[in-house]
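Report on the following structure.
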Amino acid sequence: TAALLAMTVSAFAMPPVPRKSAELTVTDAGGKPILLSSLKGKVVIVPFMFTTCPHCQTEAKMLTKLQREMGPGVAVLGVAFNDGVNAASVTQFVREFGVGFPVGYATRDTVVGWLGLSVMDRWVVPQVAVIDKKGNVVAQSLPTGSPELQDENNLRAMIAKLLKEPAATTSAAPA
């Protein structure tokens, strides 16, 4: 029953979706900070990756293709957070896998905190978050992974739908 309780607690620990995105700062390979909020007004895909993970490498290639094909309303911001990640390993990852979007790095604690993962969770990478133009997290990987957030066709459809939404909330006229 302790294991069942831990799984139940973990499931309830996941932050709700949709929710307002918390600020996230990652460091680019040049040592400069990138603020997630600087991308507001675009549909943002944030893959949280290990530079050594084959699934993350595949995700990065697919997201490079999607960003290129879907235009300037889409921004991908990669966040590497494996142990020992640094500017050199991020630069090598980008070069080796032809990544066509900014990739920065952050500490594991920063990423786990932003994702709202519990210390009880056994999680996998990549973890992916999708943020709408208003700055709301509208989709996020489960700790154990979400294949639909690694599927090109599913992401393409989700992004296309989000691109059609207005960037700012407008107040409705009284009835």
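Dipole size in debye (nearest 20) for the stretch 29-118 around its Cα centre, Lys and Arg Cβ +1, Asp and Glu Cβ -1?
For the stretch 29-118, the charge dipole is close to 280 debye.
Take every DSSP beta bridge with both residues inside the chain and express the antiparallel ones as a percent of the total, to the nearest 5.
65 percent
Heads up, I need the accessible area for ASP83: 1.4 angstrom probe, whole protein in place, Å², nearest 10.
120 Å²
Using Cα extents along the principal axes in Å as the read-out, say which of (1) 55, 48, 30; (2) 41, 35, 32; (3) 54, 43, 28 was calculated from these coordinates.
(1)
What does the extension gain come out to for MET120 and LYS161, with contour length at 0.36 nm per residue minus their alpha carbon separation?
Taking 0.36 nm per residue and subtracting the Cα distance, the gain is 11.4 nm.
Give me the accessible area of LYS32, 1.4 Å probe, in Å² rounded to the nearest 10.
130 Å²
First obtain the Kirkwood hydrodynamic radius of the stretch 33-111 from its Cα pairs, then insert it into the Stokes-Einstein equation at 25 °C and 0.890 mPa s, and state the resulting D in µm² per second as a whole number.
Rounded to a whole number, D works out at 193 µm²/s.
Averaged per residue, what accessible area in Å² does the chain show with a 1.4 Å probe, protein chains only?
Here the residues of the chain average 52 Å² of exposed surface.
In Å and whole numbers, how far do the C-alpha atoms of the stretch 72-175 stretch along each principal axis, longest first?
57, 35, 24 Å, listed from the longest principal axis down.
Which whole-number percent gives the relative contact order of the stretch 28-144, counting Cα pairs below 8 Å spaced six or more residues apart?
35 percent
Can you tell me which of ALA22, ALA139, ALA88 moves the most in a GNM of the chain? Springs connect C-alpha atoms under 10 Å apart.
Top of the fluctuation ranking is ALA88.
What FRET efficiency do you get for GLU69 and ARG108 if R0 is 30 Å and r is their Cβ-Cβ distance, rounded to the nearest 0.05?
It comes out at approximately 0.40.
Of the listed pairs LYS61/LYS134; LYS32/LYS133; LYS20/LYS134; LYS32/LYS134; LYS40/LYS61, which have alpha-carbon separations greater than 20 Å here?
Violating the 20 Å limit, Cα to Cα: LYS61/LYS134; LYS32/LYS133; LYS32/LYS134; LYS40/LYS61.
Hey, any idea what % of the stretch 42-175's accessible area is carbon plus sulfur with a 1.4 Å probe?
Ligands and nucleic acids excluded, carbon and sulfur reach 56 percent.
Treating only the Cβ atoms of Lys and Arg (+1) and Asp and Glu (-1) as charged, compute the dipole magnitude of the stretch 40-175 about its Cα centre; round to the nearest 20 debye.
That gives a dipole near 400 debye.
The values are calculated or read from the model by the stated rules, or taken from the named source; none is laboratory data. Quantities reported herein were computed from a predicted structural model and do not represent experimental measurements. Virtual Cβ from ideal backbone geometry, glycine too; neighbours counted across all protein chains shown. Surface areas here come from the heavy atoms of the whole protein model, side chains and all, with no ligands, DNA or RNA. Shrake-Rupley method; radii C 1.70, N 1.55, O 1.52, S 1.80 Å.
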